[in-house]
Amino acid sequence: MRPERAAVGSGIFFALAPGVVAGVAPWWMTRWHRPEGAGRLSLAVGVALIAAALAALLYAFGRFVGEGKGTPAPVAPTERLVVGGPYRYVRNPMYLAVVGAIAGQALALESARLAAYGLSALAAMFAFVRRCEEPRLARRFGADYDAYRREVPGWWPRLTPWRRPAPPDRSP
């Protein structure tokens with residue numbers, strides 16, 4: 001896929017998936033209203049978490065365009081398995097970033113309802129990954145994905161980056 005097309009497709013998917021899950025739905029639930037007497041510390045920590053999550057999400061989306069030559073959308077998948085950048089530490093940085101953005105909003109708005117929504121979103125993402133995404137990646141990328149999956153955790157990041165093994169030397 002051409003980089004321009006992958007970037008446009010990724011942008012559309014960004015608006016439709018994380019934009020709805022971590023933007024529209026939280027707004028609809030809270031109208032981003034903070035209760036009277038809400039603390040400044042919760043606001044500051046929440047906003048920092050939202051900013052970090054958004055930066056991580058944008059970077060992960062960019063990896064799909066540059067490294068993967070495709071999009072995160074199942075209808076326009078990557079040509080290559082994406083294992084660089086944040087994917088060297090955890091297999092699902094996009095999902096974790098989306099949940100981080102929701103958690104940041106829950107903190108900033110001091111909203112237990114939004115925190116519960118974030119936990120339910122995480123459970124739905126986990127189920128989707130296990131039932132749909134992982135089997136599809138295993139079929140598409142075979143042994144490469146199996147090796148990556150054995151070394152890089154899905155949901156709790158590694159402390160050190162994983163490095164793809166070098167291909168075997170085939171010289172005589």
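The values are calculated or read from the model by the stated rules, or taken from the named source; none is laboratory data. Nothing here was measured: the structure is a model prediction, and the numbers come from that model. Virtual Cβ from ideal backbone geometry, glycine too; neighbours counted across all protein chains shown.
In segment 40-78, how many are in a loop (DSSP other than H, G, I, E, B) and surrounded by 13 or more Cβ atoms within 10 Å (Cβ to Cβ)?
Matching residues across segment 40-78 total 10.
Would you please name the residue that is surrounded by the most Cβ atoms within 10 Å (Cβ to Cβ), looking only at residues in segment 17-39 that are in contact (Cβ under 8 Å) with a residue 12 or more places away in the chain, among the hydrophobic types (A, V, I, L, M, F, W, C) and part of a helix (DSSP H, G or I)?
A22
Looking at R164, R130, R113, R136 in this structure, which one is modelled with pLDDT of 95 or more and touching a helix residue (DSSP H, G or I) at 6+ places or on another chain (Cβ under 9 Å)?
Of R164, R130, R113, R136, the one residue that is modelled with pLDDT of 95 or more and touching a helix residue (DSSP H, G or I) at 6+ places or on another chain (Cβ under 9 Å) is R113.
Condition check: in a loop (DSSP other than H, G, I, E, B) and either touching a residue at least 40 places away in the same chain (Cβ under 8 Å) or under 25 Å from R149 (Cβ atoms) (or both). Does R113 satisfy that?
No.
Condition first: hydrophobic (A, V, I, L, M, F, W, C), under 25 Å from G142 (Cα atoms) and under 18 Å from the mean Cα position of the chain (by Cα). Can you find one or more residues in segment 22-32 that meet it?
No, segment 22-32 has no match at all.
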